[in-house]
Amino acid sequence: MERNHDEGGATTAEYAVCTGAGVAFAGLLFKFLSSGAGQQFLTHVWDRITGMLPF
C-alpha cells in the first residue's frame with residue numbers, strides 16, 4: 001500500500017530552522033567579538049595580517 005504524504009510545509013520549516021540557526025550564530029559571534037577576548041583576538045589577527053604585508 002502506497003501512501004502520499006503532503007510535505008508542502010517542510011521546505012518552509014527547514015528555512016525557518018536555518019534562519020534561526022543563522023541568527024543565533026550571528027548573535028554569538030557578535031557577543032564574542034564585542035567582548036574583551038574578542039577584541040584581543042581581532043587585534044592579534046590584524047597584527048598578523050599587517051605583519052605579512054610587504055609595505
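Figures for the structure shown
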{"quantity": "Count of the range 1-32 residues which are modelled with pLDDT under 95, part of a helix (DSSP H, G or I) and either of a type in the set (S, T, N, Q) or touching a helix residue (DSSP H, G or I) at 6+ places or on another chain (Cβ under 7 Å) (or both)", "calculated": "2"}
{"quantity": "Unmet requirement for residue 55, which otherwise passes all of (1) of a type in the set (A, V, I, L, M, F, W, C); (2) at pLDDT 95 or above; (3) not in a helix (DSSP H, G or I)", "calculated": "(2)"}
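The values are calculated or read from the model by the stated rules, or taken from the named source; none is laboratory data. Since the model is a prediction, treat every value here as computed from it, not as a measurement. Cβ coordinates were reconstructed from backbone atoms using ideal geometry, including for glycine residues, and neighbour counts include every protein chain displayed.
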